[in-house]
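Presented below is the structure to which this report refers.
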Amino acid sequence: MAVFKLDNVEDLYEIGSVLGSGHFGQVCEVRERATGVLWAGKFLKLKKSAGSRLGLERKNVEKEVEVLQGLQHQNIMALKDVFESRAEVVLIVELIKGGELFDFIAEKENLTETEAIEFMKQILKGVSYMHQKNVAHFDLKPENIMLSDKHAPNPDIKIIDFGMAYRFIQGEEYKSSGGTPQYIAPEIINYEPLGTAADMWSIGVITYILLSGLSPFQGETDEETLRNIVAMKYEFEPHHFSQTSNMAKDFIQKLLVKDQSERMTAEECLIHPWIKPLNRTQIAKRNRSSINMKNFKKFNARRKWKMSFNMVSACNRFSRLQLLCKARGPEQQELRDCESDQEDTSTKPASLLRRRLSSSS
Ligand code: ATP
């Protein structure tokens, strides 16, 4: 069992404002007392007992830490330190100040494919690096693609949230049924042995959305979305893809492929002519094509609305839990443990999936 630092994190870091929340805790800005340097602290609540339904199992936290420890890349969030107490593990990670890539893009008036590709390239470089290290992320989606600093002339992409990531061991089969319905590959839904190709499917979905503002498999319910994925039910609606180049559509088509072994790898993506044009004509085509900004802004506004709706639901459940704790006359520690019990059950779809599903589907 990995042992993390047992010091009280607050002795070494001053805890600042909340930057974001996930299923199992919060991410806060933290200041290293010794140096004054700012970091982010990911506070992950642990299960109180083996039978507890809420919180994370320690072995899952260890898995996330081990994966992050093995990854050092400009486009992947860096891990600095790990602390643990009885109730939680705290990951001290690189502070990412630029917010989500999709929010950054949605603020723009327009964006050519060439500009969008600059971001895609960085995502692919990060993903290619982790795949070379035999790591799959398994939860690539807009919420997990952030920017180092949105005011920088060329901001860096930073891939975050390795909570579902897995490092493959040669000769061993790995299956999982977790993920976010809109973005998961058919082999995950079918509970088949997985590889890094599952991430490439998600990149296909992200690219489709980025260019059109439409989600390729989105149904009325999560179940319908999953059915659409398995049935490979998607198309390039001419109305929404009128500004899109054929090279971009070809790129997506080579990712949204049911057979994992036929799907483009990250390395292959990086040399696809849409990403790396072979001649002037291809460069000109990319420059003339643009993303469907009107639709993209609508998609992003809906996405943000759903995220905040889910957040409010989680907060309401948390308040109810606090009231329950108070009724029992809690100590401060008990309150903290109650906090760890916030879990997004009402937003979980009763779907084919057996494990946690992210709330932003
Ligand atoms: P999920 O429930 O989606 O799996 P999680 O509990 O694993 O989430 P993260 O997705 O890692 O948590 O982080 C939650 C949110 O906190 C992110 O959506 C993001 O807004 C913010 N965040 C995470 N890491 C950082 C960071 N290094 N710097 C700044 N903000 C961050």
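Quick note: the coordinates plus some simple rules give every number you see, no bench work behind them. None of the values given here were measured: they were computed from a predicted structure. We place every Cβ from the backbone using ideal geometry, glycine too, and count neighbours over all the protein chains shown.
Structure above, values below:
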| item | result |
| --- | --- |
| Simple label model, 7 Å out from Cα along Cβ direction - E57 to R280, nm | 6.1 |
| Set of segment 109-139 residues, backbone N closer than 13 Å to the point 7 Å along the Cα-Cβ line of M293 | 109-113, 115-116 |
| Kirkwood-Stokes translational diffusion coefficient of segment 264-314, alpha-carbon pairs, 37 °C, 0.692 mPa s, µm²/s | 235 |
| Distance from segment 269-286 to segment 107-135 (C-alpha centre basis), Å | 15 |
| The chain, helix-only ellipticity at 222 nm - DSSP H runs n ≥ 4, -39,500 (n - 2.57), divided by all residues, nearest 500 | -11500 deg cm²/dmol |
| Cβ crowding within 10 Å averaged over residues, with 157-168, 46-57 ranked highest first | 157-168, 46-57 |
| Subset of K5/K47; K141/K175; K59/K121; K59/K125 violating a 23 Å alpha-carbon distance limit | K59/K121; K59/K125 |
| The chain: Cα Rg divided by the 2.2 N^0.38 Å rule of thumb | 1.01 |
| Amide hydrogen neighbours beyond the local backbone of Q26, cut-off 5 Å, H modeled | F43 |
| Sequence-distant residues sharing a close amide H with Y13 (under 5 Å, placed H) | R33 |
| Mean Cβ neighbour count within 10 Å, used as a protection proxy, ranking 200-212, 107-119 highest first | 200-212, 107-119 |
